[in-house]
């Protein structure tokens, strides 16, 4: 059985829960309180030296970290990752975009507001977060999904924090194509909510 | 012929030049001055809506962005990317680590100091950059390379800014295993320098 080192508030961890649910793969969850340093203990750092969730532990003891690397591994050979090499690279392009140009702004603004009640420094987060949303909007004005022709792990990666942008006090009204894409992602078979802790 | 939209000062662009050189794939370079906004013109944004270098343009007009996605695409089916699915995911784990936990600190500190002569805010960059180097050191104390058993695109991704950490005024003396790994990477067949603009 897979073990997901997890946090129900984390969009990065949600990516993995969502794909595991859609793949129908059973897993057990261990919940960590990231605000109190539970992912920085010596025991946890032996699992993931970078001290973050999610980390996925396999029955043989191997541990894979970084949400988007976990998505890629779980999706290989399934419909959630295109088979064509260029489409796979396009999925990765959007997943690196997510971690470099989207998550550090939208996820961090949400973390500050939703979990820490911090407002200092938000303006820069919002400004760069809206730049990322505008890049997504431009793509989604002409495409239904981010890589290849259908729903893939690139959509899961970008959905995780985009769909809770309101918790970062970011308004999605200027992004109609993005809002339609959020609905398309939520309509995919097997979709689960970010707050969902129990899986059949 | 491939066209690399490039900047000789960028470690992200260097990753692609280094792999193309090692693969022996001919390419032409177009150099952009990133400090003066040459990657934010309407013409450039049509190539890469996220307004960054590198971007790799194929003869059929398709453009791939995000340095690590480009590395993955070019390396598929070669010795620079492991064939085993788990080792490939491990390479991606380190490449996402590089873009999220390493580049935003070490590359940005280097950019501020080396290109903008800015010192404000460096302390946080240095502190988090050293955290990333410590994670690398722990891995390299027990492994020669980052993924699988040999040199791969994970090493290229992490080498790009680690080997110029001195330009970020970051001292690598506390990281002996990392310094030996820098030497191993520089000794790989076909290695080129970050400043190299001409390729055979």
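Where a number appears in this text, it was derived from the coordinates with a stated rule and is not lab data. A quick note: this is a predicted structure, and the numbers were derived from the prediction, not measured. Backbone-built Cβ (ideal geometry, glycine too); neighbour counts: all protein chains shown.
Points to keep in mind about this one:
- Dividing the Cα radius of gyration of the protein assembly as shown by 2.2 N^0.38 Å, with N the residue count, gives 0.94.
- Where rotation carries A onto B, the chain A residue whose Cβ is nearest that axis, in whole Å: A:99, 3
- Gap separating the Cα centres of the stretch A:103-143 and the stretch B:115-184, nearest whole Å: 28 Å
- Radius of gyration, Dmax [the stretch A:85-186; alpha carbons; angstrom]: 13.4, 43
- In terms of Cα atoms, the Rg and Dmax of the stretch A:1-47 work out to 11.4, 33 Å.
- Copy-to-copy label separations for residue B:149, where each label sits 7 Å from Cα toward Cβ, in nm and ascending: 4.0
- Each DSSP beta bridge with both residues in chain B is either parallel or antiparallel, and the antiparallel ones are about 55%.
- Mean separation of Cα pairs under 8 Å and 6 or more residues apart, divided by the residue count, gives chain B a relative contact order of 25 percent.
- Taking every residue in B:79-89 and counting other chain Cβ atoms within 10 Å of its Cβ, the average works out to 2.
- Counting only Cα atoms, the stretch A:1-84 measures 41, 26, 22 Å along its principal axes, largest extent leading.
- Sorted shortest first, the distances from the residue B:26 label point to those of the same residue in the other copies are 5.8 nm; each point sits 7 Å from Cα along Cα-to-Cβ.
- For the protein assembly as shown, the share of DSSP beta bridges that are antiparallel, to the nearest 5, is 55%.
- Across the stretch B:148-200, Cα-Cα distances exceeding 12 Å account for 70% of all pairs.
- Between this copy and the others, label points of residue A:172 are 4.4 nm apart in ascending order, each placed 7 angstrom from Cα in the Cβ direction.
- Per residue of chain A, the DSSP helices (runs of n ≥ 4 H) give a summed -39500 (n - 2.57) that works out to -13500 deg cm²/dmol at 222 nm.
- Volume per residue that the Cα convex hull of chain B spans, once the total is divided by residue count, Å³: 116 Å³
- Put the Cα centre of the stretch B:10-27 next to the Cα centre of the stretch A:30-89 and the gap is 28 Å.
- Within the stretch B:2-75, percent of DSSP bridges classed antiparallel, to nearest 5: 55 percent
- Peptide ranges B:107-115, B:18-26, B:37-45, B:67-75 listed from the most packed, as the mean C-beta count within 10 angstrom indicates: B:67-75, B:107-115, B:18-26, B:37-45
- Straightening the chain between residue A:142 and residue A:36 buys 33.9 nm, computed as 0.36 nm per residue apart minus the Cα-Cα spacing.
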